[in-house]
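A quick write-up on the structure given underneath.
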Amino acid sequence: MNPTATAADPAAALARRRYRLGARMFTAAVRWLRWWLLAALVLAVLGGPLIHLIWGADAGAWTGTISVLQWFTAITGGVFLHSSLTGLISRGVTRREITVAFLVFGALASAALAALAVTGFAVEHFMLGLVAAPDDTWGQVLAKGARYLLIGPAYFFAGALVTAAAARIGKEGAFVVVLFLLFPSMLIAGTLSLEFFGYTVDAFSWRAAAWIGSGLAFIAAMVTALVLVLRSVPVPKRGG
């Protein structure tokens, strides 16, 4: 056995701790939301045929369903940060590690939401095709799901930023102000505008490019702000 490699293992394990922590947060979030996710997939499978059979409309329920789930992404980012931040710091996890862990968590959650969106739109399109004639092409269906590669991280990091800002301010009254003023303003001005302005799934255009560019800029702003706030979160006094 190489003693040098053995000595280096604890340091390497410590360096990887931040990534494992982010991955564990993601798997815990999936377990936490598992029944909601299962219900959403059921709606993706059965929503279109049921709507067609009951009301005669060639439409599904997935657009509304995924719109609700994207808010769950914001809530999840905020809830997990709120529930774990103080405990992690008090157990010796550095703020730098927590920051990296939440970036990993956010990346995994955003990718999962996008994959879920694409899957739901595809399943719904297939099921509608069995009973009706869907208006969208397969390309449009995939494009609608791919939008969540931007929408997912925008929601997650906005939710996490609100909680981080509240922890940084450190007062209960300030948390209420941040929660009810900052959070809605960020989501309405930022994430909701990503969904409703300038986006088209028909073809790539300057409007689609502007939508993508503004989405990336918004996400970058949220991530940068989250990193800066988490790096300056006060460390709780031991025994206090």
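Laboratory data are not the source of any read-out in this text; all were calculated from the coordinates shown. Everything numeric in this text was worked out from a predicted model, so none of it was measured. Cβ sites come from the backbone with ideal geometry, for glycine too, and all protein chains shown count toward neighbours.
Would you mind computing, in nm to one decimal, how far apart the modelled labels at Trp71 and Arg34 are, each placed 7 Å from Cα along Cα→Cβ?
Roughly 2.5 nm, to one decimal.
How much length would be gained if the chain were fully extended between Leu41 and Arg91, taking 0.36 nm per residue of separation minus their Cα-Cα distance, in nm to one decimal?
Taking Leu41 through Arg91 to full extension adds about 14.2 nm, to one decimal.
Points 7 angstrom from Cα along the Cβ direction at Ala221 and Ala209: gap in nanometres?
2.2
Please list, ordered by chain and number, the residues whose modelled amide H lies under 5 Å from the amide H of Ala61; skip anything fewer than 5 residues away on the same chain.
Residues meeting the amide H criterion: Gly47, Gly48.
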